[in-house]
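Below is one structure, written out as structure tokens; the observations come after it.
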Amino acid sequence: DATSSSARIRDNQRRSRMRRAELVESLQKRVQEHERQGVAATLEMQRAARKVAQDNMRLRALLVRHGVSNEQIEYFLRSPEESSTPDADPLSFQRPSVDVQHHASEKDRDASSCPAQSSYQTQNCSGLNISCEAAAAVIAGMRGDGDRDSIWASLGCRGQETCTVKNSTVFQIMDEG
């Protein structure tokens, strides 16, 4: 009876080691897949950032070719969104109100919220930011889950507003995920 008990224990231990080895192998495969997806997402974001930077450079060149000075372009880009109508004179823009300036100074947060009812919209053309929608999709794809609400919350976005988030924040959340 003692030998059959010992044999049963050894058999249970062997099966346990096999299950553990299978689990470790499965987890290693998942980690490798997530790393591969992370690299692909990083490359995709870098390509998008390069395209945006190239488009901005070409659009600036086009504006200069049509007689718009670099100073006018910079002034226009720093001005509130409301004033950026196609036929507006770039030199006639007014300074943002104190309320709008306060909203703009809230850039301490990583997500720049751009509510539809606000006349101020944060512009980030440097390629260092990504829309919260795209960031949430990348993170959801990395995690393999569809809990977009918690992802939006971790990005610092409120509701389904249009906003952007720093790429570094997206990478940090993917690392934590």
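Quick note: the coordinates plus some simple rules give every number you see, no bench work behind them. Just so it is clear, the model here is predicted, and its values are computed rather than measured. Because the Cβ atoms are built from the backbone with ideal geometry, glycine has one as well, and the counts that use them run over all protein chains shown.
Distant-in-sequence amide contacts of Asp147, defined by a placed amide H-H separation under 5 Å and a gap of 5 or more residues or a different chain, comprise nothing.
Subtracting the Cα-Cα distance of Gln32 and Leu59 from their residue separation scaled by 0.36 nm leaves 5.7 nm. With each label modelled as a point 7 angstrom along the Cα→C-beta vector, the Thr42-Ile73 pair spans 3.1 nm. Here the extension length gained between Thr162 and Arg15 equals 47.7 nm, from 0.36 nm per residue of separation less the Cα-Cα distance. Using the Karplus relation 6.51 cos²θ - 1.76 cosθ + 1.60 with θ = phi - 60°, the per-residue 3J(HN,Hα) values for the range 20-28 come to 5, 4, 4, 5, 4, 4, 4, 5, 4 Hz, with x marking Gly and Pro.
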